[in-house]
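Structure first, commentary second.
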Amino acid sequence: MFLSHEKAFHKANSQLQEMVEFAVHSAKTGERTDGVERELFSRLLGIGKTVLQAFVTAQGDGDEGARVEQEGVSLRRLKRLRRRRYLSIVGEIRIKRWVYARREGQKVEHAPLDARLGLPEGEFSYVLMDWLQQFCVHVSFHEAVGGLEKLLNLAPSERAAEHMNQHVAQDVEAFELYQPLPLSEKEGEILVTTADGKGVPMRRPLEERVHRSHPRRTKGEKANKKQMAYVGAVYSIDRFRRSSSDVVDEVCRKRRAEHRPRPCQKQAWAEMTRRPDGATGRERVFLEMAAACSNRDPKRCKTLVCLLDGERALWDMAGQRLPRAVGILDLFHVLERLWTAAHCFHPDGSKTHPSRLPSSREGSDGRHRHALDGSRRPGHASPTRRLPQRTLGQVRRVPHTIRARQALWESCGVEMCELHPIDFSCPPVSEFVHQKRHTC
């Protein structure tokens, strides 16, 4: 049943009056607040649906005559009004309008009312798609659809949510191209780039799961259900000059947190390993970061910093795409490996187990590094076991970071060569590492 827009607006006024009367009656009878709140929200959705239907009806039926010219093609008006389903955040409404095609039975090529109202191609409104996808990026499609149904009493299918996600994703790259560049006057002193990878569980295509070379995995073969996703970011930040003692004091007392500079104009990208154009996600992320650095600092006046964990592939890509960047190994990831390195010199549970980091000066670091490498030298420590290659790769990278202390001092304001032994078993140190992982 389609009401005229005058009758629809009158109906909305009646519904609003009924809602007010319900609130007055509930106050007299002493109803619970939560029950009244739910009922009011349900009635508000009903009023919104009525008003939206009245708004659409007031726009007419889209009749532009028996024939129209569209891009040099003569189109004729079809014989009867066509109905369209429109699912909005306030509920489902039906739209009746005239449409045009070359002849009866062929594809509709012109719908004047759809164009006037700015309707999407599908039946879901832009606002509903926006709200649903906000849920989908945080939880599964099943949970997102269930949450929307609980809030708005709307239940689009999970398949519709998936197709909606794929449809919206097609416009992401074009949308990014038209984004304005960050304002140069709001930039910080240092330009920072950072990237990381994470394995994401994936559901393989049906053909890949059905047409396997062998039905069962062989001994030692992994399910290989994960695919790497890479995230990169570029931002600028002002210098925050500190000595090593200032850093430790800040961790323990938290005195200077309010004076810490904030990242400015952060840009972020995310890519999966497999891309339709054949490029890897890791390469695409670094290409985006390199282009952003070039646009934000075309004259290369700012100090460029690249903050990464110990993954070798990331460092290799940074050397190719960001050759002038000062590389900084994230201390948070180093501390994850240091206890593994400590077990190479002392057995588990030993009273002589080291609880302090060696000095960052070349002498102390060199003795332990050669021992961990297995290259015995006179006067150097002797490990009780060999270090795993993944841990050894991160430990090897530390001396290169220390040798670049002058560049780090100029860029970050922390004098690396003055670091003293730090008790890394102390909880405040671990908290400091977690807080500082994305700042200089």
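The values are calculated or read from the model by the stated rules, or taken from the named source; none is laboratory data. Since we're looking at a predicted model, the values are computed, not measured. With ideal geometry, Cβ positions are generated from the backbone for all residues, glycine too; neighbour counts draw on all protein chains shown.
If you go through segment 180-200 and pick out every residue that is modelled with pLDDT under 85 and not in a strand (DSSP E or B), you end up with 0.
Okay, residues lined up against (1) at pLDDT 90 or above; (2) touching a Leu at 6+ places or on another chain (Cβ under 7 Å); (3) part of a helix (DSSP H, G or I); (4) farther than 21 Å from Arg324 by Cβ:
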{"site": "Gln267", "(1), (2), (3), (4)": "yes, no, no, no"}
{"site": "Glu271", "(1), (2), (3), (4)": "no, no, no, yes"}
{"site": "Pro276", "(1), (2), (3), (4)": "no, no, no, yes"}
{"site": "Leu287", "(1), (2), (3), (4)": "yes, no, yes, no"}
{"site": "Ala292", "(1), (2), (3), (4)": "yes, no, yes, no"}
{"site": "Arg300", "(1), (2), (3), (4)": "yes, no, no, no"}
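Out of Val99, Val127, I need the residue that is more than 30 Å from Pro201 (Cα to Cα) and β-branched (Val, Ile, Thr). Which one? So the residue among Val99, Val127 that is more than 30 Å from Pro201 (Cα to Cα) and β-branched (Val, Ile, Thr) is Val99.
In this structure, Thr280 does not satisfy being surrounded by fewer than 17 Cβ atoms within 10 Å (Cβ to Cβ), at pLDDT below 90, touching a Ser or Thr at 6+ places or on another chain (Cβ under 8 Å) and not aromatic (Phe, Trp, Tyr).
Quick check on Ala101: is it modelled with pLDDT of 90 or more, surrounded by 11 or more Cβ atoms within 10 Å (Cβ to Cβ) and over 22 Å from Leu52 (Cβ atoms)? Against the criterion (modelled with pLDDT of 90 or more, surrounded by 11 or more Cβ atoms within 10 Å (Cβ to Cβ) and over 22 Å from Leu52 (Cβ atoms)), Ala101 qualifies.
So that you can scan it fast, the table gives a plain yes or no per residue for (1) of a type outside the set (A, V, I, L, M, F, W, C); (2) free of Cβ contacts under 8 Å to residues at least 40 places away in the same chain:
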position	(1), (2)
Ala292	no, no
Asp297	yes, no
Lys302	yes, no
Leu308	no, no
Leu314	no, no
Gly319	yes, yes
Gly327	yes, no
His333	yes, no
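Within segment 278-325, if we keep just the residues that are of a type in the set (Asp, Glu) and more than 11 Å from Thr194 (Cα to Cα), the residue that is nearest to the chain's Cα centre (by Cα) turns out to be Glu288. Which of the residues spanning segment 117-168 are of a type in the set (S, T, N, Q) and assigned to a helix (DSSP H, G or I)? Answer for segment 117-168, where residues must be of a type in the set (S, T, N, Q) and assigned to a helix (DSSP H, G or I): Gln133, Gln134, Asn165, Gln166. Picking from Arg369, Arg356, which residue would you name as being modelled with pLDDT under 70, crowded, with 19+ Cβ neighbours inside 10 Å and on the phi < 0 side of the Ramachandran plot? The match here is Arg369. Considering only residues in segment 104-116 that are assigned to a loop (DSSP other than H, G, I, E, B) and small (Gly, Ala, Ser), the one that is surrounded by the most Cβ atoms within 10 Å (Cβ to Cβ) turns out to be Ala111. Checking the stated criteria, Gly48 turns out not to satisfy the condition of being buried (at least 16 other Cβ atoms within 10 Å of the Cβ), at pLDDT 90 or above, farther than 30 Å from Leu148 by Cα and small (Gly, Ala, Ser).
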